[in-house]
1. For A:GLY29, work out the one condition from (1) open to solvent by 30 Å² or more (accessible area, probe 1.4 Å); (2) under 19 Å from B:ARG117 (Cβ atoms); (3) not in a loop (DSSP other than H, G, I, E, B) it doesn't fulfil.
2. Can you list the strands (runs of 3 or more DSSP E) lying wholly within the range B:1-101 that have 3 or more residues being under 22 Å from B:GLY128 (Cα atoms) and within 16 Å of the chain's Cα centre (by Cα)?
3. Residues to consider are A:LYS49, A:LYS35, A:LYS5; find the one that is open to solvent by 40 Å² or more (accessible area, probe 1.4 Å) and at the interface with chain B (Cβ under 7 Å from one of its Cβ atoms).
4. Within the range A:24-52, which residues are under 11 Å from the mean Cα position of the chain (by Cα) and of a type outside the set (A, V, I, L, M)?
5. Please tell me if B:GLY128 is in contact (Cβ under 8 Å) with a residue 12 or more places away in the chain, part of a loop (DSSP other than H, G, I, E, B) and either within 17 Å of the chain's Cα centre (by Cα) or within 10 Å of chain A (Cβ to nearest Cβ) (or both).
6. Does any residue in the range B:53-68 that is over 17 Å from B:HIS90 (Cα atoms) come within less than 6 Å, Cβ to Cβ, of a residue that is aromatic (Phe, Trp, Tyr) six or more places away or on a different chain, and which pairs are these?
Amino acid sequence: MDRNKTVIEVIDGGPLKISGSICIVEKQGGKPEDKREVYLCRCGKSASKPYCDGSHNS
Amino acid sequence: MGDNRKITEKRNRSYRGREITVYWKPSACIHASSCYRELIEVFNPSRRPWVDMEGAPEERIIETVNLCPTEALTWKWNEEERNSDVDRAHTNHIKWRRPELYSQSGEDEDASSLTVRVLDEGPVMVEGSFSLICGGKSTIMKNTITSFCRCGQSKSQPYCDGEHRNIRFPEGETP
């Protein structure tokens, strides 16, 4: 598999997994950060938004 | 892709001006008439060819193309480098409306990083090229902007449909 490949996976009943070469801005007007993998909350329940904290299971 | 075009796509046209090219995709036209009401000098359905790139300054052509509510009319800069800087305000630039045309001209951008913007009380906007895995299917998305739902209320999951505006966006925004 291509090392540079960026993949977004919509996990059924779970978060949005983004892996690869990512530049993320967590808040509007915030600083861009480089990351290799993130899990973003899709249900709106996470206490550590924008990231998933597993709250969708509760 | 390439030669695998459908019959309707054979009617697609492009009109090259000095600095910009306008693309015409008749199958997408919903006859909103914004083009010829705004700029009949350029867009005249009773003339052949119906688009005259010399008919008005190209800034006016860009403005008018951006008014088209569908991908029937789109545009790009002829100088390819300029296209990467075009912002969302230009709604009908090819990279927003017809990414299949844009990816042909920017093939080398594949390895560049994906920009992920988390909008306050809104969706997450992803800009760039990526493979999307959803419901067991994998799709290659090239040079696109896609908004994914973060509030859980969208009816067109996993994408944002604006529904977050009708609810109180769930609290706990701070990372």
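The values are calculated or read from the model by the stated rules, or taken from the named source; none is laboratory data. The shown structure was predicted, so the numbers you read here are calculated from the model rather than taken from an experiment. Virtual Cβ from ideal backbone geometry, glycine too; neighbours counted across all protein chains shown. Just so you know, the surface numbers come from the protein's heavy atoms only, side chains and all, with ligands and any DNA or RNA stripped out. Shrake-Rupley method; radii C 1.70, N 1.55, O 1.52, S 1.80 Å.
1. Unmet condition: (3).
2. Numbers: elements: B:13-16, B:20-24, B:73-77.
It comes to B:73-77.
3. Every option except A:LYS5 fails the conditions.
4. A:GLU26, A:LYS35, A:ARG36, A:GLU37, A:TYR39, A:CYS41, A:ARG42, A:LYS49, A:PRO50, A:TYR51, A:CYS52, listed by residue number.
5. no
6. B:MET53/B:TYR15
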